[in-house]
Amino acid sequence: MYCRYYQAHVSEPESWFMVSIIRSFEHLCFDRTLDAEQSIFEFFVPEQNEATFLELMHWFEQQGIVSNVQKLENRLIS
């Protein structure tokens, strides 16, 4: 079973803050920088954590830290 897959643009100055908050939630998701120049992150989210992940992303959007959160086809599925 594959995780849900999301991408989002993260404000460069606050990227460290976003990553530290996400990683404080045990096993919430796996995050990594997909495109450093454009500050685009990708997130692999277990299905059972999707609601919590989206709630957190919504809060980050309200704070101006994250924008353009998109659920996409998991790029690892061939």
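A dipole drawn for the chain from +1 and -1 charges on Cβ atoms has a positive end, and of Ser24, Asn49, Trp59 the residue lying farthest that way is Asn49. In the list [x] 12.5; [y] 13.4; [z] 14.2, the label attached to Kirkwood radius over Cα pairs in Å as derived from the coordinates here is [x]. Once both labels are positioned 7 Å from their Cα atoms along Cα-to-Cβ, the gap between His9 and Ile77 label points is 2.7 nm. Axis of helix 50-62 versus longest Cα principal axis of the chain: the two differ by about 20°, to the nearest ten degrees.
Read the figures in this text as sums done on the coordinates, not as results from a lab. Being a predicted model, the structure only gives us computed values, none of them experimental. Backbone-built Cβ (ideal geometry, glycine too); neighbour counts: all protein chains shown.
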